[in-house]
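J.: This structure is in structure tokens; I'll ask about it shortly.
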Amino acid sequence: MSFRSTILVISCTLLSTQAFCQTTQNHLTPKHTLALYLGVGPNYYFNNLVIGKNRVNEFNYSFIGRFMWEPGHLLSVGVESGYYRLYTLTTPQPTNARIANSAVPIHIVVSMKFLKNFYFNFTMGQSMLINKASSDTYGNADAVTWSLADFGSSVGFRHRFKSRISIGMETRYYYSTGNDDSNIALVAMVGYNF
């Protein structure tokens, strides 16, 4: 066999392998790469207060919304927001005061899938901290501040049905640098792929 024939056979083999791999890859690429996830669940506030520490209600709730781009690889990116009730505090008579602190995060999300149905999320961004206080003696006082360098992480399980719907559970940790607040939540999630 001549040198030219050998080069021609090797070139044809490589080109046909490349064409086959591209066809297979296009077949495996998901059609619906955008996803919306919504979740709700209880959370526990890590109490760091000094004054009134024994009057803090540490068990509250979290709502989460996440919009993701999932190109079919192990990594995906998106935006997350929600509403986390951090804690409430109630004092007895005569003041009868009630304080509620909440956070509304606006975070960038990086998600990594591992095994078949498990994933890990890391979020970072800003949060709007909402403080509402009311008292029989002093009236109402509301304040809104921004915490500029907050982060969170979560580990979850997701089962995707043959339709575009998925359900799952995740455990998530949130930390706000603004007031050194943090909580952990157990969230039931439902998702839909576009």
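The values are calculated or read from the model by the stated rules, or taken from the named source; none is laboratory data. Computed from a predicted model, the values in this text were never measured in an experiment. Positions of Cβ are generated from backbone atoms using ideal geometry, with glycine treated the same way; all protein chains shown enter the neighbour counts. Areas reflect the complete protein model, heavy atoms only, side chains present, ligands, DNA and RNA absent. Shrake-Rupley method; radii C 1.70, N 1.55, O 1.52, S 1.80 Å.
J.: Which one of these does Lys116 not meet: (1) in contact (Cβ under 8 Å) with a residue 40 or more places away in the chain; (2) charged (D, E, K, R); (3) within 28 Å of Ala35 (Cβ to Cβ)?
T.: Looking at each condition in turn, Lys116 falls short on (1).
Residues are listed down the side, and each one gets a yes or a no for (1) among the aliphatic types (A, V, I, L, M); (2) at pLDDT below 95:
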residue: Pro105; (1), (2): no, no
residue: Phe120; (1), (2): no, no
residue: Met128; (1), (2): yes, no
residue: Ala141; (1), (2): yes, yes
residue: Asp150; (1), (2): no, no
residue: Ile184; (1), (2): yes, no
residue: Ala188; (1), (2): yes, no
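J.: Provide a single number: the residues in segment 101-128 that are open to solvent by less than 70 Å² (accessible area, probe 1.4 Å) and under 17 Å from Ser182 (Cβ atoms).
T.: Final tally of qualifying residues: 11.
J.: Would you confirm, using the coordinates I've provided, whether Leu115 is farther than 21 Å from Asn47 by Cα, out of contact with any Phe, Trp or Tyr (no Cβ under 6 Å at 6 or more places or on another chain) and of a type outside the set (D, E, K, R)?
T.: Working: farther than 21 Å from Asn47 by Cα: yes; out of contact with any Phe, Trp or Tyr (no Cβ under 6 Å at 6 or more places or on another chain): yes; of a type outside the set (D, E, K, R): yes.
Yes.
J.: Tell me whether segment 41-64 contains one or more residues that are open to solvent by less than 20 Å² (accessible area, probe 1.4 Å), out of contact with any helix residue (DSSP H, G or I) (no Cβ under 6 Å at 6 or more places or on another chain) and over 20 Å from Ser182 (Cα atoms).
T.: no
J.: Give me the residue from segment 159-181 that is among the polar types (S, T, N, Q) and more than 18 Å from the chain's Cα centre (by Cα) and, out of that set, least open to solvent (accessible area, probe 1.4 Å).
T.: Only one residue fits best here, namely Ser163.
J.: Among the residues of segment 155-194, which ones are touching a residue at least 12 places away in the same chain (Cβ under 8 Å) and in a loop (DSSP other than H, G, I, E, B)?
T.: Arg164, Thr177, Gly178, Asn179, Asp180, Phe194
J.: Continuing with this model, one more query. Of all residues being at pLDDT below 95, not in a helix (DSSP H, G or I) and not charged (D, E, K, R) in segment 14-40, which is surrounded by the most Cβ atoms within 10 Å (Cβ to Cβ)? Just the residue, please.
T.: Step one: list which residues in segment 14-40 are at pLDDT below 95, which gives 14-33.
Filter again for not in a helix (DSSP H, G or I), leaving 29-33.
Then keep just the ones that are not charged (D, E, K, R); that gives 29-30, 32-33.
On the way: Thr29: 11, Pro30: 11, His32: 11, Thr33: 14.
Applying the filter and picking the extreme gives Thr33.
J.: Filter segment 94-112 down to the residues that are among the small types (Gly, Ala, Ser) and touching a Lys or Arg at 6+ places or on another chain (Cβ under 9 Å) and list them by number. Quick ask: steps written out before the conclusion?
T.: So in segment 94-112, the residues among the small types (Gly, Ala, Ser) come out as 97, 100, 102-103, 111.
Within segment 94-112, Ala100, Ser102, Ala103, Ser111 qualify.
J.: Please tell me if Ile106 is out of contact with any helix residue (DSSP H, G or I) (no Cβ under 6 Å at 6 or more places or on another chain) and in contact (Cβ under 8 Å) with a residue 60 or more places away in the chain.
T.: Numbers: out of contact with any helix residue (DSSP H, G or I) (no Cβ under 6 Å at 6 or more places or on another chain): yes; in contact (Cβ under 8 Å) with a residue 60 or more places away in the chain: no.
Taking the combined requirement at face value, the residue does not satisfy it.
J.: Still on this model: Would you check if Gly191 is within 19 Å of the chain's Cα centre (by Cα), open to solvent by less than 10 Å² (accessible area, probe 1.4 Å) and more than 19 Å from Tyr61 (Cα to Cα)?
T.: Numbers: within 19 Å of the chain's Cα centre (by Cα): yes; open to solvent by less than 10 Å² (accessible area, probe 1.4 Å): yes; more than 19 Å from Tyr61 (Cα to Cα): yes.
Yes: the conditions hold for Gly191.
J.: How many of the residues making up segment 66-102 are assigned to a strand (DSSP E or B) and either touching an Asp or Glu at 6+ places or on another chain (Cβ under 7 Å) or among the polar types (S, T, N, Q) (or both)? Write out each step before concluding.
T.: Quick first cut of segment 66-102, residues assigned to a strand (DSSP E or B) only: 66-69, 75-90, 98-102.
Within this subset, residues satisfying the condition of being either touching an Asp or Glu at 6+ places or on another chain (Cβ under 7 Å) or among the polar types (S, T, N, Q) (or both) are 66, 76, 81, 86-88, 90, 101-102.
Of the residues in that region, 9 qualify.
J.: Another one. Applying the selection to segment 129-150, what residues are in a loop (DSSP other than H, G, I, E, B) and surrounded by 11 or more Cβ atoms within 10 Å (Cβ to Cβ)?
T.: Answer for segment 129-150, where residues must be in a loop (DSSP other than H, G, I, E, B) and surrounded by 11 or more Cβ atoms within 10 Å (Cβ to Cβ): just Asp136.
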